[in-house]
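Just below is one structure, and these are the notes that go with it.
Quick note: the coordinates plus some simple rules give every number you see, no bench work behind them. Please read all numbers here as calculations on a predicted model, not as lab measurements. Cβ sites come from the backbone with ideal geometry, for glycine too, and all protein chains shown count toward neighbours.
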Amino acid sequence: MNDPVENTYKLDEATLHTLLQGDEAAWSAFYKHFSPLIRSIVSWSKWHFCEQTKEDLVQGIRLELYKCLSRFKNESTPEYFIKRVSIHRCIDEVRKQCRQRKVMLPLVISNDDSEEAYEMIPVADDRFDPILEVTLAERAVELRKILQSIDAVCQA
């Protein structure tokens, strides 16, 4: 069985300095070693990311690590540091997706042929109340049934 200590990436001062100097071979070795960790975090099922988003996030995390590695202090393991960066980047992506989603409401449009068409209209503010919308939709259905049951003169 593999010893976990042997699989640990040694990020000593010399290696850190080499990475911060932008050594391409050092970064390749760094990414090769930590790519499985990054991919495993991005692939957590709780994120619900599609494959394209996962790949974008892996690249974004690599770029973020390139930018923020200077803040790494040997007070924690490199794995912990990378895990924190990866998780925060995934949380940022979830927040971005939530901001981009728009709640859609059905708008009932009646034409002259008494056929109804539904158009989805976006509601982007916080005033949207789904319970109220369901209640109003149910009332509208009942009102249409009542109107159809009375004679044409009363309908007019």
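Here is how the numbers come out for the structure above:
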{"read-out": "Low-density loop cleavage sites - GluC sites (Glu not before Pro) in region 8-81, where at most 15 other Cβ are within 10 Å (DSSP)", "value": "75"}
{"read-out": "Extension gain, residue 27 back to residue 48 (0.36 nm per residue minus Cα-Cα distance, nm)", "value": "4.6 nm"}
{"read-out": "Extension gain from residue 71 to residue 150, taking 0.36 nm per residue of separation minus the Cα-Cα distance", "value": "20.9 nm"}
{"read-out": "Potential extension, residue 138-residue 18 segment - 0.36 nm per residue separation minus Cα distance", "value": "36.5 nm"}
